[in-house]
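K.L.:
Take this structure, written in structure tokens, and hold onto it; I'll ask about it next.
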Amino acid sequence: MTTAEIEALFARTIAGDYESEDAWDAVHALRMNGSREIFEHAAAWCASDDPLKRARAASVLCQLRRGTIPKHEFLFRDESFVLLTNMLEKEQDPMVLDPIISALGHLDNVLAAPFILRYQDSPLPRVRYAACFALGCFPNDERSIEGLLKLTSDPEDAIRDWAVFGLGVMGDADSPDIREALLRCLSDKDEDVREEAAVGLGKRRDRRMIPALLKMLEDADFKVRVAEAAAALLGMDREPPEWTAADYRAAIAKIGE
């Protein structure tokens, strides 16, 4: 990619508002063509007076890679980590905090956990959501677990959903506190939270979930996550494609006897 093409893509990232589809397409193109030149351009924007430039810099730096290598082999991660954690020392704009905190999750450096935890009590839902997402990238880290446990009680549905997903589904850690939080979330007012909690408890083979799971299996709309939870509770590697809700209910009734 030429310098002119790189500069044109960076210019597109700040055309329009934060949610501009074309701007995010440009961010994606920069990520997929990771190079030292793109990294340096984004690094310079980290110190910009323009908050949108700082936000775009974080969004580009967190997933830089080349299209010719597997997508999980990211570039310049250590350097990006230093840049982004330094930005947090003085950043106040929520539009910028959001992508920086999310970026720390994408960079897959567990040393980010203490930086992320600073924002779990933010009064701004978008910042707490970013913190929840980022903590969920380290679901087996003790510090992340404590943060996710707290966020399972967040007033925002989407944040509770992501906290339960990170803690119960993505994470493999197990403890009485984790199980109690997931059991509580089986009664959450949000259906997604309830179903993610069921998957997490099924993964841990906790039979206390059986009454709630059987009730879910009576729903006329048989959900994929409910099947996943039931299969996990039954010790299956995957959900049998031919099984119906009635099949799961019959099998679960037997282990509940």
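K.L.:
Over the stretch 1-77, how many percent of alpha carbon pairs lie in each 5 Å bin up to the one with the longest distance?
P.N.:
That works out to 3, 18, 30, 27, 16, 5, 1, in percent per bin.
K.L.:
Given 5 Å bins starting at zero, what is the percent of C-alpha pairs of the stretch 77-143 in each, up to the one with the largest pair distance?
P.N.:
Answer for the stretch 77-143: a P(r) of 3, 20, 34, 26, 13, 3 percent.
K.L.:
Sum -39500 (n - 2.57) across every DSSP H segment of at least 4 residues in the chain, then divide by the residue count to get the 222 nm mean residue ellipticity, nearest 500.
P.N.:
One gets -18000 deg cm²/dmol as the mean residue ellipticity at 222 nm.
K.L.:
Round to the nearest 0.05 the FRET efficiency obtained for residue 37 and residue 95 when R0 = 25 Å and r is the Cβ-Cβ distance.
P.N.:
0.45
K.L.:
Right, next: Counting only residues 5 or more places away or on other chains, whose amide H sits under 5 Å from the amide H of residue 153 once H atoms are built in the peptide plane?
P.N.:
Close amide H contacts, sequence-distant or interchain: none at all.
K.L.:
Would you mind telling me which residue in 220, 131, 57 has the biggest mean-square fluctuation in a Gaussian network model of the chain, where springs connect alpha carbons within a distance under 10 angstrom?
P.N.:
Ranking 220, 131, 57 by mean-square fluctuation puts 220 first.
K.L.:
Taking 8 Å as the Cα distance limit and 6 or more residues as the minimum spacing, I'd like the relative contact order of the stretch 1-99 as a percentage.
P.N.:
It comes to 25 percent, rounded to a whole number.
K.L.:
Once each part is reduced to its C-alpha centroid, what is the distance from the stretch 1-80 to the stretch 159-210 in angstrom?
P.N.:
36
K.L.:
Tell me which lysines have Cα within less than 29 Å of residue 215's Cα, excluding those fewer than 8 residues away on the same chain?
P.N.:
150, 189, 203, 223, 254
K.L.:
Averaging the inverse of every distinct alpha carbon separation and then flipping it gives the Kirkwood radius. What is it for the chain, in angstrom units?
P.N.:
Every distinct Cα pair counted, the radius reaches 19.9 Å.
K.L.:
Sticking with this structure for a sec: What do you get for Rg/Rh of the stretch 38-122 when both radii come from the Cα atoms and Rh is the Kirkwood radius?
P.N.:
When Rh is taken as the Kirkwood radius, the ratio is 0.96.
K.L.:
PRE reach from residue 177 (point 7 Å along Cα→Cβ): which of the stretch 188-203 fall under 20 Å by backbone N?
P.N.:
Once the point is set 7 Å along Cα→Cβ of residue 177, 197, 200-201 turn out to lie under 20 Å by backbone N, inside the stretch 188-203.
K.L.:
Hey, another quick one. Once the piece of chain linking residue 47 and residue 249 is laid out straight, how much longer is it, given 0.36 nm per residue of separation minus the C-alpha distance between them?
P.N.:
So the chain would gain 67.0 nm between residue 47 and residue 249.
K.L.:
Can you list the residues, at least 5 places off or on another chain, whose amide H is less than 5 Å from the amide H of residue 66, using H built in the peptide plane?
P.N.:
Distant-sequence amide H within range of residue 66: 34.
Rule-based calculations on the coordinates, nothing more; no lab input. In this text, all values refer to a predicted model and were calculated from it rather than measured experimentally. Neighbour counts run over all protein chains shown; Cβ positions are idealised from the backbone, glycine included.
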